[in-house]
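Novice: I have a structure I would like to understand better, so I am pasting it below and will then ask my questions one at a time.
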Amino acid sequence: MNIYKTIGVETAGYLINIIKWIIYVLLITIYLIFLPILVNAQYSVSVIKMNDLTFGNMLAGNNKTILPSGAGAALFQTSLVRTTGTNQGGKNGALDITVVFNLPNQLNNSGHSLSITFGPNSAMWANGSNINGAKSFDPTQQQQLKLKKNKDTYIWLGGTVNSSLSQWSGKYSNVITITVNALNN
Amino acid sequence: MIKSIIISLISIFFISGNGWAQIKSHPMASAGISGGYYNGISAITTPATASVVIFKGLSITNIKGLNFGNFAVGAGTVGIASNNKKAAEFEVTGEPQTEVKVTIPSTLINLVSGNASLSLNLYNPAYNTLDDQINAIGAQNNSLFSTNLGVNGTLFIWIGGEVNVLPSTTPGTYNGTITVSVAYVNL
């Protein structure tokens, strides 16, 4: 009541309106600042080995090729994993990634070795686990793919082993690594 | 009043612009993801194993033939058991302790002497990883069996059989061929 007495009813009403607008503005500003945090999910890239590259048994002196689409091919699953926030399902966004294999040139067995090679079509990738329609690529070269948020990318890897007639018998093995890089584009 | 609204709107744009800039500078946002952040982990590496198992080549050698010896025309059925010393013997070598399949494609062998012939029916083979016929195991089938090679990668196979010598059988020396095949089961 004192304020009305001091500055008059009309002026006081004007000030109250200004205060109301400032409060509105502040509320809207706070909402806009925190909106992205509230509705946006955060993601990280994951890559999981589903299958090893398994040539099985073979006779010394023979070569054996596993096609990326064949039994025994290595299989990797690459995903965008939601770590926080709300999933914005139904969006068709994608993240550019590169895939780099570190491939051995030989498999080892207690001091013995045999060669393993990879050709220009030894690898394939697809969005989804269906290899029909998958695209071939050379695993010795870096490959750029689009990783979709709502569909995992699958990568298959084959190869060829070459043994000599005098090849020492037994199990030969070595490690393959796949590195997936998210591009900072 | 109008002045306050304009100032307020400028404030809204200025403050919330930081949020937009944050999305735009983000890889996920620039790649077209709506409402998503990429959390900045740029490289993920996973190992896998490449492997192959090499087997030695298989070989099979005929050590001795199935020898019935001599007998008279009309002697009837004459048999030599697979654990008899006169049975045919084969030696298989390959990857130690690895399963193989032994196949005898034909168990009815046609023995020939000139224009005359005599049928030989093979018995179930006997086998052992050692060259020890007395303690050999009898196969359950005369045309196919599977077993593991021994620790030295060997398998010995003995095969007997019988012929029926009729009074009408033409005298002479009769010969034929017994074929034995061997293959790895898991190859």
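The values are calculated or read from the model by the stated rules, or taken from the named source; none is laboratory data. All of these numbers come straight from a predicted model, not from anything done at the bench. Note: ideal-geometry Cβ built from the backbone for every residue, glycine included; neighbour counts use all protein chains shown.
Results for (1) touching a strand residue (DSSP E or B) at 6+ places or on another chain (Cβ under 7 Å); (2) more than 8 Å from every other protein chain (Cβ to nearest Cβ); (3) modelled with pLDDT of 95 or more; (4) on the phi < 0 side of the Ramachandran plot, shown as yes or no for each residue.
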position: A:4; (1), (2), (3), (4): no, yes, no, yes
position: A:16; (1), (2), (3), (4): no, yes, no, yes
position: A:19; (1), (2), (3), (4): no, yes, no, yes
position: A:31; (1), (2), (3), (4): no, yes, no, yes
position: A:46; (1), (2), (3), (4): yes, no, no, yes
position: A:53; (1), (2), (3), (4): yes, no, yes, yes
position: A:98; (1), (2), (3), (4): yes, yes, no, yes
position: A:103; (1), (2), (3), (4): yes, yes, yes, yes
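Novice: Between a residue in region B:49-65 that is under 21 Å from residue A:165 (Cα atoms) and more than 7 Å from chain A (Cβ to nearest Cβ) and any residue that is surrounded by 15 or more Cβ atoms within 10 Å (Cβ to Cβ) and at pLDDT 95 or above, which pairs come within a Cβ distance under 6 Å, given they are 6 or more apart or on different chains?
Specialist: Between residues of region B:49-65 that are under 21 Å from residue A:165 (Cα atoms) and more than 7 Å from chain A (Cβ to nearest Cβ) and residues that are surrounded by 15 or more Cβ atoms within 10 Å (Cβ to Cβ) and at pLDDT 95 or above, the close pairs are B:58/B:94; B:58/B:182; B:59/B:93; B:60/B:90; B:60/B:92; B:60/B:182.
Novice: Only one residue in B:78, B:73, B:92 is out of contact with any His (no Cβ under 6 Å at 6 or more places or on another chain) and exposed (fewer than 13 other Cβ atoms within 10 Å of the Cβ). Which one? Steps first, please.
Specialist: Numbers: B:78 fails: exposed (fewer than 13 other Cβ atoms within 10 Å of the Cβ); B:92 fails: exposed (fewer than 13 other Cβ atoms within 10 Å of the Cβ).
Testing whether each residue is out of contact with any His (no Cβ under 6 Å at 6 or more places or on another chain) and exposed (fewer than 13 other Cβ atoms within 10 Å of the Cβ) leaves just B:73.
Novice: Would you point out which residue out of A:174, A:132, A:150, A:127 is among the polar types (S, T, N, Q) and closer than 17 Å to residue A:44 by Cβ? Give the derivation first.
Specialist: Numbers: A:174 fails: closer than 17 Å to residue A:44 by Cβ; A:132 fails: closer than 17 Å to residue A:44 by Cβ; A:127 fails: closer than 17 Å to residue A:44 by Cβ.
A:150 is the lone residue from the list that is among the polar types (S, T, N, Q) and closer than 17 Å to residue A:44 by Cβ.
Novice: A further question on this structure: Quick one: which of A:79, A:129, A:163 is modelled with pLDDT under 95 and under 22 Å from residue B:50 (Cα atoms)? Working first, answer last.
Specialist: On the way: A:79 fails: under 22 Å from residue B:50 (Cα atoms); A:163 fails: modelled with pLDDT under 95.
Selected residue: A:129, the only one of A:79, A:129, A:163 that is modelled with pLDDT under 95 and under 22 Å from residue B:50 (Cα atoms).
Novice: From the list B:100, B:112, exactly one residue is within 30 Å of residue B:70 (Cα to Cα) and in the same structural domain as residue B:74 (by TED's automatic domain parsing). Which is it? Steps first, please.
Specialist: Details: B:100 fails: within 30 Å of residue B:70 (Cα to Cα).
Going through B:100, B:112 in turn, the sole match is B:112.
Novice: Looking only at region B:168-187, count every residue that is under 13 Å from the mean Cα position of the chain (by Cα) and either in a strand (DSSP E or B) or free of Cβ contacts under 8 Å to residues at least 24 places away in the same chain (or both) and tell me the total.
Specialist: Start the filter on region B:168-187 by keeping residues that are under 13 Å from the mean Cα position of the chain (by Cα), which leaves B:182-187.
So of that shortlist, the ones also either in a strand (DSSP E or B) or free of Cβ contacts under 8 Å to residues at least 24 places away in the same chain (or both) come out as B:182-184.
Result for region B:168-187: 3.
Novice: Can we say residue B:180 is surrounded by fewer than 19 Cβ atoms within 10 Å (Cβ to Cβ) and either at pLDDT 95 or above or among the acidic types (Asp, Glu) (or both)?
Specialist: Numbers: surrounded by fewer than 19 Cβ atoms within 10 Å (Cβ to Cβ): yes; either at pLDDT 95 or above or among the acidic types (Asp, Glu) (or both): yes.
Spelling it out, residue B:180 is indeed surrounded by fewer than 19 Cβ atoms within 10 Å (Cβ to Cβ) and either at pLDDT 95 or above or among the acidic types (Asp, Glu) (or both).
Novice: Filter region B:159-187 down to the residues that are out of contact with any Gly (no Cβ under 9 Å at 6 or more places or on another chain) and within 14 Å of chain A (Cβ to nearest Cβ), then identify the one that is farthest from residue B:112 (Cα to Cα).
Specialist: B:185
Novice: State all residues of region B:95-129 that are surrounded by fewer than 21 Cβ atoms within 10 Å (Cβ to Cβ) and small (Gly, Ala, Ser); if no residue qualifies, say none.
Specialist: Once the filter is applied, which keeps residues that are surrounded by fewer than 21 Cβ atoms within 10 Å (Cβ to Cβ) and small (Gly, Ala, Ser), region B:95-129 yields B:106, B:113, B:114, B:116, B:117, B:119.
Novice: Among the residues of region A:136-156, which ones are more than 15 Å from the chain's Cα centre (by Cα) and either facing chain B (nearest Cβ under 8 Å) or among the hydroxyl-bearing types (Ser, Thr, Tyr) (or both)?
Specialist: Looking only at region A:136-156, we keep the residues that are more than 15 Å from the chain's Cα centre (by Cα), and these are A:136-141.
Scanning region A:136-156 gives A:136, A:140.
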